[in-house]
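Novice: Take a look at this one; I'll ask things after.
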Amino acid sequence: MEVWIRQDAGSPAAESAEALTKAFSEKSGIEAKLVAVGVNDFETKLQQRTAQKDLPDIVINDTGQLGNLVTQGLVREVDREGTAGSGDLADRAWEAAQGYDGKYYGVPFNSQAFALLIRKDWREKVGAQLPTSWDALVQLAAAFTNDDPDGNGKKDTAGMVVPGSTTRGYLTWWFSTMLWSEGGDFVKKQGDGFSAAVDDPASVKAVEKLQAMFCDSKVVQPGASTADSATTHTVFESGKGGIYLTGPYMLPRFDGSLGKDAYEVVAAPPGAGGEAAALAEGENVYLMAGSGNEKGQQAFAEFAASPAGQKIGLGLDNGGIIVRLPVNTTVDGAAERKDPRWDVFQKVYDEHGRNAPALPNWATVRQISSEGLNGVVSECSRDVAGAMGELADEIDAELEKQGAKG
């Protein structure tokens, strides 16, 4: 069997995936070969193999790609109840393996939610408490921007580190947590389908707050509207930014660059919507269509989601983290890692995590919305209500195209 994972060859994460594949082969007697396909080349290489009608047997890839894979007919359906150990896997993780039609098209493998990393030393320097609302969070970002929190006598720090690029829909990815916390949304259920919600009053207010962060208080880092996550990681760890909404996979890197005492891990606070919310996502094991070894595919997916597979994925031996938060509820990731900060992310996922909507192709809507949002933060004179009306029309047209318009 051929197993693909979206990781760079030779990376610690690829080593963990290799260990997972080897352990599966030893346990099952089924020969399996791992192929680590580069992060930037993955979609292209998969399309090439699609054109050749020669798909790998297994693909470990983002939950956000599910709709795209299903629409192209590249994955086969999974029997949730017939999957060994399925009852031990978190319901929210199964939800992220569910297509628009309610059927399952993957077996959960890895989950994650997003929390705030806040420079503790800066917060103490400016005399601020931990924020209890999104408005208070923006006020803290303003203090980090204006009050010289690093004490170097220069105005060279940014409060909020934001990947505002449209590449892979980064701005939507980041803004989801804020939008939902503010009571807004990208789409809403309507009849048997969905309709755009970005022009609803709560959504418009949330986008106005986002625009103000870029244009009025200017609490985001320079170049935020074109920054991807590779750029923002560097901004935070180089001491140029003080608040970063990101995933738990960044802790080892920032512990090395900043020191674990320099920053604190905090759940994102509630917004005007009155409740906290956080984007939840992860990766599924996809059983690719046309495989000559369907039993082997199923066995691999079950092993990857089992306690043994999940523990290998934690990357405790080599730092190659391919399981951020275990999808198997019998595995305590924070206890295994002996690091309570991971429990903050686990609690956010369990209590406030929210998957992207199960559209036939969410990735396309994410891209469209990212471009619409980027327009209002790049052009400060843009009227937000008008721009969101235009974006709603674009989203509705895409939903119509996908056969998902309610």
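Each reported figure results from applying straightforward, stated rules to the coordinates on display, with no laboratory input. Just so it is clear, the model here is predicted, and its values are computed rather than measured. Here the Cβ is made from the backbone with ideal geometry for all residues, glycine too, and neighbour counts use every protein chain on show.
Novice: So what's the net charge close to residue 332: Lys and Arg +1, Asp and Glu -1, counting the other residues with Cβ under 11 Å from its Cβ? Before the final figure, lay out each step's value.
Specialist: Numbers: positive: 311, 337, 338; negative: 336, 343.
Residues near residue 332 contribute +1 overall.
Novice: Å³ per residue of the Cα convex hull, for the chain? Each step should come with its number before you reach the end.
Specialist: On the way: hull volume 53.2 nm³, N = 406.
Measuring per residue, one finds 131 Å³ for the Cα hull of the chain.
Novice: Provide, as a two-decimal number, the C-alpha radius of gyration of region 39-92 over 2.2 N^0.38 Å, N being how many residues it has.
Specialist: On the way: Rg = 13.4 Å, N = 54, 2.2 N^0.38 = 10.0 Å.
In units of the globular-protein estimate, region 39-92 measures up at 1.34.
Novice: Another question, then. Count the net charge of all other residues whose Cβ sits under 11 Å from the Cβ of residue 271, scoring Lys and Arg as +1 and Asp and Glu as -1. Spell out each step's value before the answer.
Specialist: On the way: positive: 205, 209; negative: 135, 182, 275.
Value of the local net charge: -1.
Novice: Give the order of 22, 53, 209 when sorted by the count of other beta carbons within 10 angstrom, beginning with the fewest.
Specialist: Values: 22 14, 53 8, 209 20.
Ordered by Cβ neighbours within 10 Å, fewest first: 53, 22, 209.
Novice: Can you run phi through the Karplus equation (6.51, -1.76, 1.60; θ = phi - 60°) for region 232-244 and list ³J(HN,Hα) in whole Hz, with x for Gly and Pro?
Specialist: Result, rounded to whole Hz: 5, 4, 5, 4, 5, 6, 8, x, 9, x, x, 10, 9.
Novice: Using modelled amide H (1.01 Å from N, peptide plane; none on Pro or chain starts), what sits under 5 Å from the amide H of residue 193, excluding residues fewer than 5 places away?
Specialist: 406
Novice: Apply the Karplus parameterisation 6.51 cos²θ - 1.76 cosθ + 1.60, with θ equal to phi minus 60°, to every residue of region 305-314 and state each ³J(HN,Hα) to the nearest whole Hz, in sequence, with x for glycine and proline.
Specialist: 8, 6, x, 5, x, 5, 5, 4, x, 5
Novice: Let me ask you something else. Given the pairs 188/218; 33/338; 154/218, which are separated by over 23 angstrom at their Cα positions? It would help to have the intermediate numbers written out before the result.
Specialist: Details: 188/218 31 Å; 33/338 32 Å; 154/218 16 Å.
188/218; 33/338, as the Cα separations exceed 23 Å there.
Novice: Next question, about the same structure. Could you tell me how many degrees, from 0 to 90 and to the nearest 10, lie between the Cα long axis of helix 134-146 and the main elongation axis, the longest principal axis, of the Cα atoms of the chain?
Specialist: Helix 134-146 sits at roughly 60 degrees to that axis.
Novice: Let me ask something additional. By average Cβ neighbour count within 10 Å, what is the ranking of 44-50, 63-69, 120-126 from highest down?
Specialist: On the way: 44-50: 14.9, 63-69: 23.4, 120-126: 17.7.
Highest mean packing first, the order is 63-69, 120-126, 44-50.
Novice: Now for a different question. Using only alpha carbons, build the gyration tensor for region 316-406 and give me the equivalent ellipsoid semi-axes, biggest first, whole Å. Don't jump to the answer; show the numbers that get you there.
Specialist: On the way: eigenvalues 284, 64, 28 Å².
So the three semi-axes of region 316-406 are 38, 18, 12 Å.
Novice: Short version: ³J(HN,Hα) in whole Hz for each residue of region 119-131, in order, from phi by Karplus 6.51 cos²θ - 1.76 cosθ + 1.60 (θ = phi - 60°), x for Gly and Pro, what are they?
Specialist: With the stated coefficients, region 119-131 comes to 5, 5, 5, 5, 4, 5, 5, 8, x, 9, 8, 5, x Hz.
Novice: While we're on this one: For the chain, set up a GNM with springs between Cα atoms under 10 Å and report which of 252, 270, 12 has the largest fluctuation.
Specialist: Ranking 252, 270, 12 by mean-square fluctuation puts 252 first.
Novice: Now for a separate question. Could you work out the helix-only [θ] at 222 nm for the chain, with each DSSP H run of four or more residues adding -39,500 (n - 2.57) and the total divided by the number of residues, to the nearest 500 deg cm²/dmol? Kindly include the intermediate steps, with their values, before the conclusion.
Specialist: On the way: 16 runs with 172 residues, N = 406.
About -12500 deg cm²/dmol.
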